[in-house]
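The block underneath contains the structure these notes are about, expressed in structure tokens.
The values are calculated or read from the model by the stated rules, or taken from the named source; none is laboratory data. Keep in mind it's a predicted model, so treat the numbers as computed, not measured. Don't worry about glycine lacking a Cβ; one is built from the backbone with ideal geometry, like all the others, and counts go over all protein chains shown. All accessible areas refer to the heavy atoms of the entire protein, side chains included, with ligands and DNA or RNA removed. Shrake-Rupley method; radii C 1.70, N 1.55, O 1.52, S 1.80 Å.
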Amino acid sequence: MPYQVIIFEDNARLRQSMEILLNDDNVFHVAASFSRFDNVADQVEVFDAALVVMDIDMPGVGGIEGVKKIKQYNPDIKVVMHTVFDDDNRIFDSICAGANGYMLKNTSPVQLLRSLQEVMQGGAAMSPFVAQKVFQHFRTANSINETFDLTKREKEILELLVKGNSYKMIADKGDISVDTVKKHLQNIYHKLHVSCGTEAVAKALQHKIIKLD
């Protein structure tokens, strides 16, 4: 059964294109789409959404406040920001509000679909440019240097996740299967005491588990 999706996008042409894209994939079904945020929690409840794809700069309460309201209603609903904005404040405010991903609108349709699928499997959806900005931000932050007893292989996989690689890309670069990648990530989430890829990325950066060359 496909995941029920709600789209919040005030650009009518883009909203229609996203509906066609997601409805053309048997993993997703667009239950509804809206051009503004009004009663976000009610809209999510009525259409039994498992995934919300939303812009930030929207009429109504605004995207970041919308994320908060959705997560207050049901923290299990996945929320992915889909926006043109790549500034630090919006990126970090979205993540802190509970967003499960942050994708720029210049992302290819194929990559967007793949990223949304991985979010539903517990992965993190970040455009590479966004992931790099997040990493650079936390790289200079004052934080505790902890390893959380991760193995060398787990650190390698976590680093690839932080850099915005998909499950398949991690599998290819590590010369392992996608199922093995998922098993490693489950172990990583357990050791980091997180429940999804987005939280793992944030914690890896905050605690400097991963270091850039």
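Say each of residue 17 and residue 193 gets a label point 7 Å from the Cα, pointing the same way as Cα to Cβ; how far apart are those two points in nm?
With each label point 7 Å from Cα toward Cβ, the separation is 4.4 nm.
Quick one: with all protein chains in place, what share of the accessible area of the chain is carbon or sulfur, to the nearest percent (1.4 Å probe)? Mind showing how you got there, number by number?
Details: 4960 of 10560 Å².
After summing per-atom areas, the C and S share lands at 47 percent.
How would 179, 87, 24 rank on accessible area, largest to smallest, probe 1.4 Å? Before the final figure, lay out the partial values.
Working: 179 100, 87 45, 24 130 Å².
The most accessible residue leads, giving 24, 179, 87.
Under a point-charge model restricted to the Cβ atoms of Lys and Arg (+1) and Asp and Glu (-1), what is the dipole moment magnitude of the chain relative to its Cα centre, in debye to the nearest 20? Each step should come with its number before you reach the end.
Numbers: 24 positive and 28 negative charges, 134 e Å.
Taking the Cα centre of the chain as origin, the dipole is about 640 debye.
Ignoring everything but the protein chains, give the 1.4 Å probe accessible area of residue 64 in square angstrom, nearest 10.
Roll a 1.4 Å probe over it and residue 64 shows about 40 Å².
With labels modelled as points extended 7 Å from the Cα through the Cβ direction, what inter-label distance (nm, one decimal) is found for residue 76 paired with residue 110?
Between residue 76 and residue 110, the label points sit 3.4 nm apart.
Could you state the angle between the C-alpha long axis of helix 152-162 and the longest principal axis of the C-alpha atoms of the chain, as a value from 0 to 90 degrees rounded to the nearest 10?
Taking Cα atoms only, the helix is inclined about 30 degrees.
Any idea what Rg and Dmax come out to for the chain if you just take the C-alpha atoms, in Å?
So, for the chain, Rg and Dmax equal 16.8, 48 Å respectively.
Accessible area, 1.4 Å probe, largest first: how do 102, 73 sort? Walk me through the intermediate numbers first.
Working: 102 0, 73 95 Å².
Reading off the accessible areas and sorting them downward yields 73, 102.
Among DSSP beta bridges lying fully in the chain, give the percent that are antiparallel, nearest 5. Don't jump to the answer; show the numbers that get you there.
Details: 0 of 21 bridges.
In the chain, approximately 0 percent of DSSP beta bridges are antiparallel ones.
Find the accessible area per residue for the chain; the probe is 1.4 Å, ligands and nucleic acids are left out, and the unit is Å².
So the chain comes to 50 Å² accessible per residue, rounded to a whole number.
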